[in-house]
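See below for the structure under consideration.
Please treat every number below as a calculation from the coordinates, not as lab data. As the structure is a computational prediction, the values presented were derived from the model and not from experiment. Every residue, glycine among them, receives a Cβ derived from its backbone with ideal geometry; neighbour counts consider all protein chains shown.
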Amino acid sequence: MITLYILLSVLFVALLGIGYRSRHAFCDGGLVFSNNAPRAMATHRNPVTRAVDAVVATRFLLAKSGATAMSSAICGASDRPIGVYDDVAAAIGDIITLRLLGINAETLLMVPSVNVSAGDPLYTAANGKVTNISTTGAYVVGFALTDGITDGIVEVDPRPSVAAVS
């Protein structure tokens, strides 16, 4: 009878461990069940890191999705931006922090391609910069909170990138 109680206790503890691991699979390397999303598909509310497809020589440039799911590239005037580079990258493949547009509870710094004034709506421009001039194919990225000079820095109230109507 005691042997039966011991076997049932061991089985009960083992099942508790499996249940705990299935709920915490991403944290401690436990079992992964079919209803768990792969690690690359996790949700984010903070900055993310991505490999770069090209050298990033200037901080605070707009970034777009790169050649792979885990890479990024400098955004062009008609590319949909996903975030802002928080640092520079000296070589292709370097890992860099990317602050996502639309989920930040804080302002972002960006590089204007022209002089901008506080209150201006800002759009994508060439080479990862922003402009207050809406052009065909551009995306709205936010509103300037400060004045900014060409190739300087402007503080921006970011918005999820939306195609501008020109």
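Taking amide H atoms as placed 1.01 Å from N in the peptide plane, list the residues 5 or more away in sequence, or in a different chain, whose amide H sits under 5 Å from that of L122.
V141, G142, F143, A144
Amide H of A63 versus every other amide H placed in the peptide plane: which residues, excluding those fewer than 5 positions away on the same chain, fall under 5 Å?
So A63 has HN proximity to C75, I82, G83, V84, Y85.
Mind giving me the nanometre distance, one decimal, between the label points for D147 and T49, set 7 Å out from Cα along Cα→Cβ?
Between D147 and T49, the simple spin-label model gives 4.0 nm.
Which values of log₁₀ I(q)/I(0), to two decimal places, follow from the Debye formula for the range 97-157 at q = 0.13, 0.17 Å⁻¹ with a uniform point scatterer at every Cα?
For the range 97-157 at q = 0.13, 0.17 Å⁻¹, log10 I(q)/I(0) is -0.28, -0.48.
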